[in-house]
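K.L.:
Quick one: the structure is below, questions incoming.
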Amino acid sequence: MKYLDEFNDPVLAGRLFDDIRAVTTRPWALMEVCGGQTHSIIRHGIDQLLPDEIELIHGPGCPVCVTPLEIIDKALEIAARPDVVFCSFGDMLRVPGSGRDLFKVKSEGGDVRVVYSPLDALRVAQENPDRQVVFFGIGFETTAPPNAMTVYQAKKLGITNFSLLVSHVRVPPAIDAIMNSPDCRVQGFLAAGHVCTVMGTAEYPELAERHRVPIVVTGFEPLDILEGIRRAVRQLEAGRHTVENAYPRAVQEDGSPAAQAMLSDVFEVTDRAWRGIGMIPRSGWRLSPKYRDYDAEYRFAVADLHTSESTVCRSGEVLQGLIKPHECAAFGKECTPRNPLGATMVSSEGACAAYYLYRRLQLPVTAAPAEPGTRGRKKEHQERKEHEKQKAQKEEARSLG
């Protein structure tokens with residue numbers, strides 16, 4: 001397959017690192033928007049190989065992570081009903097709600113099914129005309145078009161026992177909200193290539209100009225990300241703030257007009273709450289009045305259900321780039337992939353899961369000076385404890401598959 005070996009070439013990566021080092025003269029903080037980019041960065045150690053002056057801040061671009069708690073609780077209530085077949089992608093089944101998750105509902109007798117496409121859920125509805133079939137439609141602009149197409153097909157075919165629980169969010173308003181935060185440290189963005197494949201880049205120039213930040217559209221392989229960083233740093237060093245497309249093999253300026261037309265027909269823009277962040281105006285989609293009969297929130301009368309976020313989990317601060325995952329006191333202790341407190345630990349694209357999976361388990365600690373004659377014994381003791389800890393963590397990771 002193309003674009004795997006080609007975009008993992010260590011020689012080319014070395015040249016990009018050299019170029020980034022050569023151009024960097026002062027500290028810069030860049031945010032990668034997408035959780036897929038975060039996992040690639042942590043997996044390959046890109047953030048550790050960059051010059052000390054460059055900090056990568058992990059953004060909110062994980063669709064599972066930003067799905068608000070109240071939507072999860074609505075999904076749990078609907079899925080527990082005896083007349084419902086609840087269909088979802090597998091990554092949502094372990095996301096914790098207020099007191100349980102979809103796996104728990106399934107173990108209690110709920111008909112919860114993992115599907116690989118929303119059209120699979122529509123087929124389930126056709127095969128079970130006496131049951132209500134609900135598909136959990138979450139995600140950014142990337143997954144919205146197939147969900148919109150499925151609702152369109154359901155209406156066209158006259159399938160009335162299918163509905164969509166919608167929690168779609170849009171990236172540009174989130175970037176705007178991050179930049180408007182008084183605690184924001186972000187000076188440039190690596191935009192998500194797959195989002196721009198659908199929507200194009202038309203919404204980004206105004207953001208780049210208003211907030212005076214470079215926005216570089218990047219892919220997900222190591223060389224994609226390094227090229228995005230290189231371009232962003234060059235802009236910052238030159239005092240420029242424009243939109244650049246470093247992912248031209250997939251992204252066109254106008255995106256996919258056909259997908260955009262489907263979105264405009266089936267959805268309408270709305271205010272949307274983001275888990276751990278709060279309400280962001282015009283940052284989401286909901287079904288338009290033309291398709292309101294297919295909206296699961298209204299069909300099952302759960303639209304008014306509201307919940308409160310955990311006071312222990314700090315995933316909201318992680319999603320906003322205010323802290324790194326291992327700066328949360330619960331990280332790796334009360335909160336692990338086996339017992340997650342928040343979606344950033346359970347999601348395959350979550351920053352907390354990336355830090356746990358790739359062993360970024362604790363903050364660097366500067367050792368206090370040892371007393372004469374004890375340095376060697378203390379070092380040996382610390383190394384033994386660290387070895388035992390890593391062994392236990394590997395065993396736990398192996399048990400999780």
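The values are calculated or read from the model by the stated rules, or taken from the named source; none is laboratory data. Predicted, not measured: the structure shown is a model, and the values here were computed from it. Because the Cβ atoms are built from the backbone with ideal geometry, glycine has one as well, and the counts that use them run over all protein chains shown. Accessible surface is based on the protein model in full, side chains and every heavy atom, while ligands, DNA and RNA are left aside. Shrake-Rupley method; radii C 1.70, N 1.55, O 1.52, S 1.80 Å.
K.L.:
Does the stretch 170-178 include one or more residues that are touching a residue at least 40 places away in the same chain (Cβ under 8 Å), in a helix (DSSP H, G or I), of a type outside the set (Gly, Ala, Ser) and under 22 Å from Tyr298 (Cβ atoms)?
P.N.:
For the stretch 170-178, residues touching a residue at least 40 places away in the same chain (Cβ under 8 Å), in a helix (DSSP H, G or I), of a type outside the set (Gly, Ala, Ser) and under 22 Å from Tyr298 (Cβ atoms): absent.
K.L.:
Continuing with this model, one more query. Hey, can you tell me all the residues within the stretch 28-39 that are open to solvent by less than 10 Å² (accessible area, probe 1.4 Å) and assigned to a helix (DSSP H, G or I)?
P.N.:
Of everything in the stretch 28-39, those that are open to solvent by less than 10 Å² (accessible area, probe 1.4 Å) and assigned to a helix (DSSP H, G or I) turn out to be Gly35, Gln37, Thr38.
K.L.:
Only residues that are surrounded by fewer than 20 Cβ atoms within 10 Å (Cβ to Cβ), at pLDDT below 95 and either over 20 Å from Ile72 (Cβ atoms) or touching a Lys or Arg at 6+ places or on another chain (Cβ under 6 Å) (or both): list them for the stretch 291-323, please.
P.N.:
Val302, Leu305, Leu322, Ile323, listed by residue number.
K.L.:
Could you give me the residue pairs with C-beta distances under 6 Å whose first residue belongs to the stretch 131-144 and is free of Cβ contacts under 8 Å to residues at least 24 places away in the same chain and open to solvent by 10 Å² or more (accessible area, probe 1.4 Å), whose second residue is charged (D, E, K, R) and part of a strand (DSSP E or B) wherever it lies, and which are 6+ apart or on separate chains?
P.N.:
Close Cβ pairs (under 6 Å, with a partner that is charged (D, E, K, R) and part of a strand (DSSP E or B)) do not exist here.
K.L.:
Oh, and also: Tell me which strands (runs of 3 or more DSSP E) are completely within the stretch 44-152 and hold 1 or more residues being basic (Lys, Arg), or say none if there are none.
P.N.:
So the answer is 111-114.
K.L.:
For the stretch 247-267, indicate whether the set of residues that are without any contact (Cβ under 8 Å) to a residue 40 or more places away in the chain, assigned to a loop (DSSP other than H, G, I, E, B) and touching an Asp or Glu at 6+ places or on another chain (Cβ under 8 Å) is non-empty.
P.N.:
Checked the stretch 247-267: no residue is without any contact (Cβ under 8 Å) to a residue 40 or more places away in the chain, assigned to a loop (DSSP other than H, G, I, E, B) and touching an Asp or Glu at 6+ places or on another chain (Cβ under 8 Å).
K.L.:
Looking at (1) in contact (Cβ under 8 Å) with a residue 60 or more places away in the chain; (2) surrounded by fewer than 16 Cβ atoms within 10 Å (Cβ to Cβ); (3) outside any loop (DSSP other than H, G, I, E, B), which one does Ala22 not meet, given that it meets all the others?
P.N.:
(1)
K.L.:
Could you run through the stretch 173-222 and say how many residues are within 18 Å of Pro27 (Cβ to Cβ) and of a type in the set (Gly, Ala, Ser)?
P.N.:
Final tally of qualifying residues: 1.
K.L.:
Counting just the residues of the stretch 257-290 that are among the β-branched types (Val, Ile, Thr) and in contact with a Leu (Cβ under 8 Å, 6 or more places away or on another chain), which one comes out most open to solvent (accessible area, probe 1.4 Å)?
P.N.:
Within the stretch 257-290, the match that is most open to solvent (accessible area, probe 1.4 Å) is Ile277.
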